1. Counting only residues that are of a type in the set (Phe, Trp, Tyr) and closer than 20 Å to residue 12 by Cα, give me the strands (runs of 3 or more DSSP E) lying completely in the range 37-121 with at least 2 of them.
2. For residue 57, which of the numbered conditions (1) within 30 Å of residue 18 (Cβ to Cβ); (2) in contact with a Leu (Cβ under 8 Å, 6 or more places away or on another chain); (3) surrounded by 11 or more Cβ atoms within 10 Å (Cβ to Cβ) fails to hold?
3. Residue 28 - would you say it is modelled with pLDDT of 95 or more and surrounded by 10 or more Cβ atoms within 10 Å (Cβ to Cβ)?
4. Confirm whether residue 14 is surrounded by 10 or more Cβ atoms within 10 Å (Cβ to Cβ), in a strand (DSSP E or B), out of contact with any Phe, Trp or Tyr (no Cβ under 7 Å at 6 or more places or on another chain) and among the β-branched types (Val, Ile, Thr).
5. Determine, yes or no, whether residue 80 is surrounded by 14 or more Cβ atoms within 10 Å (Cβ to Cβ), touching a strand residue (DSSP E or B) at 6+ places or on another chain (Cβ under 9 Å) and not charged (D, E, K, R).
6. From 96, 47, grab the single residue that is assigned by TED's automatic domain parsing to the domain that holds residue 18, out of contact with any Gly (no Cβ under 8 Å at 6 or more places or on another chain) and at pLDDT 95 or above.
7. Which condition number in (1) exposed (fewer than 10 other Cβ atoms within 10 Å of the Cβ); (2) within 30 Å of residue 116 (Cβ to Cβ); (3) of a type in the set (A, V, I, L, M); (4) within 18 Å of the chain's Cα centre (by Cα) is the one that residue 94 fails?
Amino acid sequence: MEKQKVVRTSQIRINVGLNEANIPVDITWEADDQKGVEPQPCKAMFLSLFERQAKETLKIDLWTEDMQVVEMDRMIFHTLRAMNDTYLKASNHVELAQQFQQFVHYFGEKTGIIPTENPPA
């Protein structure tokens, strides 16, 4: 497969402020395409990179010490939902994506992010 010619590049920068124990206390991100916009604060991040040669996923997951469990539940729910959307779009494996979506829905119900469809009587 012939490599596409790069006609433009853009950078995304993630800055992690650490305390004396090397625990993240401040995370911000910014992108070249957001000129004039201040770095955006966030409490957590997941970054997955699929390494071309080794065909392995490298990951970085960080969260600040003030990230609450309910916030992490919400972040995981939204991340799983987005992963499912991406998987379906990239693979068109409808059956697997539907099964994945069932788990995402289950996770959402169990964490209280979405209402339970059949609440106990």
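The values are calculated or read from the model by the stated rules, or taken from the named source; none is laboratory data. Computed from a predicted model, the values in this text were never measured in an experiment. Neighbour counts run over all protein chains shown; Cβ positions are idealised from the backbone, glycine included.
1. 44-50
2. Residue 57 satisfies all of (1) within 30 Å of residue 18 (Cβ to Cβ); (2) in contact with a Leu (Cβ under 8 Å, 6 or more places away or on another chain); (3) surrounded by 11 or more Cβ atoms within 10 Å (Cβ to Cβ) except (3).
3. In short, yes.
4. no
5. no
6. 47
7. With (1) exposed (fewer than 10 other Cβ atoms within 10 Å of the Cβ); (2) within 30 Å of residue 116 (Cβ to Cβ); (3) of a type in the set (A, V, I, L, M); (4) within 18 Å of the chain's Cα centre (by Cα) applied to residue 94, the lone miss is (4).
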